[in-house]
2 protein chains.
Amino acid sequence: MAIRLTDVANEAGVSLATASRVLNGSARKPAPEISDKVRAAAEKLGYFPNAQAQALARASTKLVGLVVRDIADPYFSTIARGVQRGLGDSGTQVLLASTDSDPTREIEAVRAFMSQRTDAIILSGSRGMSEDEQLLRLIESYQENGGQVVVIGQPLATTGGIQIDNAKTSENLAGELIRAGHRSFVVLSGDRNLLTSADRANGFLTKLKRTGLSAVDVIHGAFSREGAYMAMSDFLASHAAEISNQQLCVFCVSDVMALGALRAIRERGLRVPEDIAVVGFDDIPTLEDVIPSISTAHLPLEEIGRWAGEMVLSHGDARKMVVTGTPVLRESTEFFTRLP
Amino acid sequence: MAIRLTDVANEAGVSLATASRVLNGSARKPAPEISDKVRAAAEKLGYFPNAQAQALARASTKLVGLVVRDIADPYFSTIARGVQRGLGDSGTQVLLASTDSDPTREIEAVRAFMSQRTDAIILSGSRGMSEDEQLLRLIESYQENGGQVVVIGQPLATTGGIQIDNAKTSENLAGELIRAGHRSFVVLSGDRNLLTSADRANGFLTKLKRTGLSAVDVIHGAFSREGAYMAMSDFLASHAAEISNQQLCVFCVSDVMALGALRAIRERGLRVPEDIAVVGFDDIPTLEDVIPSISTAHLPLEEIGRWAGEMVLSHGDARKMVVTGTPVLRESTEFFTRLP
DNA sequence: ACTATCGTGGAAAGCGCATTCCCAAATCTG
DNA sequence: CAGATTTGGGAATGCGCTTTCCACGATAGT
């Protein structure tokens, strides 16, 4: 059906081997005269190398798998863009998989990527991991077969990646908030078994404790806008007293959750930050358009993705790097003293 | 290196053919007893079919290419999520390419997908197209070789896809705004050669003309948040008079642009909608978190993506469908009469 | 009872390409 | 100028798998 290299070789009157050498970066360069003939034939026939066949003959696919929790989430889509940028014009293609936070689907995605023999897998939206024996084994066997694994978040023992120091970042963030005057905190955390979520919440609490404070409450919701909205609504409904007494500061373990919480707060007729302050985590681009501007811990999301992409290209040195977020206090946490 | 089907066959004491028949959906089902033996061997060895080899031997890759302008743009990332949902658990993998609005990169992406022998290509962020001879030819040759093309936006003559009736949607939107009381409009359009942008702007203007109105001004900026921000800033600086005389209504050809415009307006110290009203187009999820709520034309973005995915699966009937957006007036276009 | 049919597993032929190996011609060396 | 060496094209092999095509034994038909 499609034009094969053989066809091109015939058309050019050379052998298959020569055609291959001309059209694909081989070490051996045929004579210019012959090369031109081959290239002309390829052009004329509209030849496209069959990537599958090439992958089979060589032993590399120029494919990298990217698994995220939800590609429509700005956090992940920004990282995804970074990955693409990092891969640049290396000719490497990105295979995308969304897991919807479902561990099963995550495993399926990795299996699929292993089947595709991707040169690397970038794991971005992973959960606890350390617990997930099955995934761990899968990854090990992938690595044994020469696959590279880059984890964004909490790199595994055996993998390289970009570690985000969630705990420390949260501590710093808490520190800044305290310095700004806040004393009454509520932590809005995500799923308990999501390591990212837990680390952020714990880091925050650690700092509070170390300063002699403690959280008014720690509440849990799904690690999503909706989850936060519901959790926050519940909280507001049952804690009217605390809220009218003091300016509470709600730390949400992600910006997306902060936005959900914000909505709940507004629906309740409360003002941010006058009645209740809100902080997020990640600094997703979406925040640019939200009023009041949301305080958060800035993570260089796109860069992180780019680094991951570059790591994949520099095949081999599976370095680890650590990123610590930067607290950014904006309008949503302006401190107001309550009159007694 | 990796376990091959041959290894599994040996381990199970059967032939390669039998192993293949057991492990991959063949028409012929070997005896249960033998099947179990093979499956056990595969499990024991940790066998993964080599997708490249399979693709070569069969003539299908179970791969679909998705090309978008920018995966970090909520418009595209929402569609991308839809596509994944539409593909469901069909085992089809998505190959992602971002073009950054560069026609060259778009062509490269399509070439890459052709090389990968993707079963289908979903073109989402395309531009004029009709003009781009090169892309057009590429696509035709892809189709001749059995590739399926689904275009989101403005389907080509030869392709199926989901057409978004931008013009009509804009007309309806303009109608609603007029009904709400607005009379002074400014159209903030994107790149002139972007069909989507032009259609939306023209549809809007058509409706105005048909109602006996005309736009105060039509301005152009890059089809992005930044582009709109700059264009709007310029406009505000040079049209102070018009603005203080009446409540202008700025129609932006996309929500993303509307957000950029909104920022420019706010930086100028103007209020929305009291001083100036703003309308977008698309109804991206981001709008949920913006205050004031932004009026727009709602497009079922995720559904559109899902339909595209489903079209790919139902290989063959390259249907076309037409989607017309629904005007949604929210706070950003509340009408205020100016005292004389 | 003997042939026609079916069901099953195995051998072998590709799928499209990269690459090793071989050989002829060209270039170099002294 | 003869022999040693390099250069460059072509034939052939194999990557891992699917899929005819065969051969063989079992079953059915008359």
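The values are calculated or read from the model by the stated rules, or taken from the named source; none is laboratory data. None of these values were measured; they are calculated from a predicted model. Note that each Cβ is placed from the backbone with ideal geometry, even for glycine, and that neighbours are counted across all protein chains shown.
Observations, loosely collected:
- Qualifying residue in segment A:199-221 (condition: within 21 Å of the chain's Cα centre (by Cα), outside the structural domain of A:Q116 (by TED's automatic domain parsing) and closer than 26 Å to A:A112 by Cβ): no
- The residues on offer are A:E133, A:E144, and the sole one that is closer than 26 Å to B:A55 by Cβ, free of Cβ contacts under 8 Å to residues at least 24 places away in the same chain and of a type outside the set (F, W, Y) is A:E144.
- Taking segment A:35-68 as the range and being buried (at least 22 other Cβ atoms within 10 Å of the Cβ), more than 10 Å from DNA strand D (Cβ to nearest atom) and more than 9 Å from chain B (Cβ to nearest Cβ) as the test, the residues that pass are A:A41, A:A42, A:V64, A:V67, A:V68.
- Hey, B:A180 surrounded by fewer than 20 Cβ atoms within 10 Å (Cβ to Cβ), hydrophobic (A, V, I, L, M, F, W, C) and more than 18 Å from B:I294 (Cα to Cα) or not: no
- Tally, over segment A:1-34, of residues that are surrounded by fewer than 19 Cβ atoms within 10 Å (Cβ to Cβ), away from every other protein chain (no Cβ under 14 Å), in a helix (DSSP H, G or I) and more than 7 Å from DNA strand C (Cβ to nearest atom): 5
- As a summary of the residue check, B:K37 satisfies the conditions (1) modelled with pLDDT under 95; (2) in contact with a Ser or Thr (Cβ under 9 Å, 6 or more places away or on another chain) except for the one numbered (2).
- Taking the conditions (1) touching a helix residue (DSSP H, G or I) at 6+ places or on another chain (Cβ under 8 Å); (2) more than 14 Å from chain B (Cβ to nearest Cβ) in turn, A:D165 satisfies each one other than (1).
- Within segment A:116-128, the presence of at least one residue that is surrounded by fewer than 19 Cβ atoms within 10 Å (Cβ to Cβ) and at pLDDT below 95 is confirmed.
- Residue list for segment B:238-259, restricted to those being assigned to a helix (DSSP H, G or I), modelled with pLDDT of 95 or more and not β-branched (V, I, T): B:D255, B:M257, B:A258, B:L259
- Considering residues of segment A:69-80 that are touching a residue at least 24 places away in the same chain (Cβ under 8 Å) and either touching a Lys or Arg at 6+ places or on another chain (Cβ under 7 Å) or within 15 Å of A:A120 (Cα to Cα) (or both) only, the residue farthest from the other protein chains (Cβ to nearest Cβ): A:F76
- Residue within segment B:186-197 that is surrounded by fewer than 22 Cβ atoms within 10 Å (Cβ to Cβ) and closer than 23 Å to A:V290 by Cβ present: no
- Members of segment A:4-22 that are in contact (Cβ under 8 Å) with a residue 12 or more places away in the chain and either touching a Ser or Thr at 6+ places or on another chain (Cβ under 9 Å) or within 8 Å of DNA strand D (Cβ to nearest atom) (or both): A:L5, A:A9, A:A12, A:G13, A:V14, A:T18, A:A19, A:S20, A:V22
- With respect to being away from chain B (no Cβ under 11 Å) and buried (at least 18 other Cβ atoms within 10 Å of the Cβ), A:E106 fits the description.
- Positions within segment B:242-288 being in contact (Cβ under 8 Å) with a residue 24 or more places away in the chain and hydroxyl-bearing (S, T, Y), in sequence order: B:S254, B:T286
- Residue-level analysis places A:L208 outside the set of residues that are among the hydrophobic types (A, V, I, L, M, F, W, C) and within 14 Å of chain B (Cβ to nearest Cβ).
- Subset tally (residues that are of a type in the set (S, T, N, Q) and in contact with an Asp or Glu (Cβ under 6 Å, 6 or more places away or on another chain)) for segment B:245-272: 1
- Residue match in segment A:72-94 (condition: part of a loop (DSSP other than H, G, I, E, B), within 27 Å of B:L301 (Cα to Cα) and not β-branched (V, I, T)): yes
- Counting only strands (runs of 3 or more DSSP E) that sit completely within segment B:142-190, those holding 2 or more residues that are modelled with pLDDT under 95 correspond to B:148-153, B:160-164.
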